[in-house]
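Take a look at the structure below.
The values are calculated or read from the model by the stated rules, or taken from the named source; none is laboratory data. Note that the coordinates shown come from a computational prediction; the quantities given were computed from them, not determined experimentally. Note: ideal-geometry Cβ built from the backbone for every residue, glycine included; neighbour counts use all protein chains shown. Just the protein is used for accessible areas: all its heavy atoms, side chains included, with ligands, DNA and RNA removed. Shrake-Rupley method; radii C 1.70, N 1.55, O 1.52, S 1.80 Å.
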Amino acid sequence: MLGRIAFCLTLCLAALGASAQTFVFTAIPDEDETRLRERFQAVADYLETELDVEVRFVPVKSYAAAVSAFRNDQVQLAWFGGLSGVQARARVPGSQALAQGAEDAEFVTYFIAHKSTGLKPGSGLTDKLKGMTFTFGSKGSTSGRLMPEYYLRKTYDAAPDEVFEKVGFSGNHSRTASLVATGAYQLGALNYTVWENEVEAGNIDTEEVNVIWETPPYPDYQWTIRGDVDKRFGKGFTDKVRQALLNMDDPELLESFPRSKFIPADNSDYETIENVAKQIGLIDE
């Protein structure tokens with residue numbers, strides 16, 4: 001009898017331990033850290049209510065760190081860009097893209113120029129850009145590096161460091177906007193939503209810097225989950241997380257991304273990103 005009681009107690013304690021696991025997520029650091037913390041703590045609170053498990057957001061310092069945290073199971077869910085999502089899923093078998101913003105199916109990059117260049121809004125990628133200074137965002141950014149580099153190579157038939165006098169990497173989109181606005185770099189490329197947020201917030205003077213070209217649309221940000229979460233959090237947990245993301249309808253929460261809503265995403269949606277990354281040597285064939 002005592003043996004049966006002990007056995008049942010062990011099972012109960014094991015069940016409690018499993019249910020007490022914390023579901024941890026992160027996000028690529030694509031803009032100011034303070035804004036990121038505010039934005040994703042609100043997401044953590046929302047998911048905790050919807051999933052009925054403890055949920056914690058952990059910030060990371062770089063895009064590469066976000067991918068590493070996902071690979072090492074330090075986080076089970078991440079808000080990735082197109083390229084970082086492809087990289088992360090390749091490292092963790094069975095991982096799935098769950099949801100993307102309605103705007104992410106057709107995302108664009110803005111190329112911006114300081115007024116000292118004499119380049120006008122909408123002037124495009126012309127030979128006038130050659131020999132100027134240029135900054136990307138993070139080295140692992142889809143909208144701040146991968147796609148702008150692809151279109152630069154396509155336009156000039158040369159690598160960026162062969163086109164420009166100096167090429168830099170700002171680290172995030174907000175920093176790119178600031179560096180070009182102050183004239184530290186003459187040109188830059190960044191996520192269009194961050195540009196519009198910065199302009200709306202009054203952080204960018206459009207008399208000093210303007211948009212000279214935007215890329216054709218491409219798929220970008222998405223939520224990606226590890227392939228082993230159902231084993232840890234229970235059968236159907238992946239679907240539960242997907243549904244929670246798709247059901248997110250708080251206007252204030254969505255505006256912080258900013259996205260109008262989240263829609264279903266699939267790994268196959270990002271084949272274009274994977275192919276471009278292979279073409280310019282950012283991931284292995």
**Message:** It is to be established whether one or more residues within the range 201-224 are β-branched (V, I, T) and free of Cβ contacts under 8 Å to residues at least 60 places away in the same chain.
**Reply:** yes
**Message:** Considering only residues that are in a helix (DSSP H, G or I) and in contact (Cβ under 8 Å) with a residue 60 or more places away in the chain, which ones fall in the range 226-236?
**Reply:** V229, R232, F233
**Asked** Taking the range 195-225, which residues are buried (at least 23 other Cβ atoms within 10 Å of the Cβ), closer than 18 Å to S84 by Cα and of a type outside the set (F, W, Y)?
**Response** D220, Q222, T224, I225
**Request:** Of the numbered conditions (1) farther than 21 Å from D30 by Cα; (2) out of contact with any strand residue (DSSP E or B) (no Cβ under 6 Å at 6 or more places or on another chain); (3) free of Cβ contacts under 8 Å to residues at least 60 places away in the same chain; (4) hydroxyl-bearing (S, T, Y), T133 fails exactly one; give the number of that condition.
**Result:** (2)
**Every residue from the range 140-178 that is charged (D, E, K, R) and in a helix (DSSP H, G or I)** = R145, E149, R153, K154, D161, E162, R175
**Message:** Go through the range 73-101 and report how many residues are in a loop (DSSP other than H, G, I, E, B), under 22 Å from K61 (Cβ atoms) and open to solvent by 20 Å² or more (accessible area, probe 1.4 Å).
**Reply:** 2
**Asked** From the list E149, E162, which residue is among the charged types (D, E, K, R) and without any contact (Cβ under 8 Å) to a residue 60 or more places away in the chain?
**Response** E162
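Could you tell me which residue of the range 267-285 is farthest from the chain's Cα centre (by Cα), considering only residues that are open to solvent by 80 Å² or more (accessible area, probe 1.4 Å) and modelled with pLDDT of 90 or more?
Result: N275.
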**Fill in**
Residue hits (the range 237-266; free of Cβ contacts under 8 Å to residues at least 12 places away in the same chain, open to solvent by 70 Å² or more (accessible area, probe 1.4 Å) and touching a Phe, Trp or Tyr at 6+ places or on another chain (Cβ under 9 Å)) are none
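Count, please, the residues in the range 152-191 that happen to be among the β-branched types (V, I, T), buried (at least 22 other Cβ atoms within 10 Å of the Cβ) and closer than 24 Å to I280 by Cα. Spell out how you get there, then give the answer.
Looking only at the range 152-191, we keep the residues that are among the β-branched types (V, I, T), and these are 155, 163, 167, 176, 180, 182.
This time we only want the ones that are buried (at least 22 other Cβ atoms within 10 Å of the Cβ), so: 176, 180.
Filter once more, so that each one left must be closer than 24 Å to I280 by Cα: 176.
Qualifying residue count, the range 152-191: 1.
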**Message:** Residue under question is L119, and the condition is that it be aliphatic (A, V, I, L, M), in contact with a strand residue (DSSP E or B) (Cβ under 9 Å, 6 or more places away or on another chain), open to solvent by less than 20 Å² (accessible area, probe 1.4 Å) and without any contact (Cβ under 8 Å) to a residue 60 or more places away in the chain; does it hold?
**Reply:** no
**Request:** State all residues of the range 267-285 that are over 22 Å from R226 (Cα atoms), assigned to a loop (DSSP other than H, G, I, E, B) and either in contact (Cβ under 8 Å) with a residue 40 or more places away in the chain or of a type in the set (F, W, Y) (or both); if no residue qualifies, say none.
**Result:** I280, L282
**Complete:** Residues of the range 44-72 being outside any helix (DSSP H, G or I) and among the hydrophobic types (A, V, I, L, M, F, W, C), in sequence order, are V53, V55, F57, V58, V60
**Prompt:** Would it be correct to say that R39 is over 21 Å from Y218 (Cβ atoms), open to solvent by less than 50 Å² (accessible area, probe 1.4 Å) and at pLDDT below 95?
**Reply:** yes
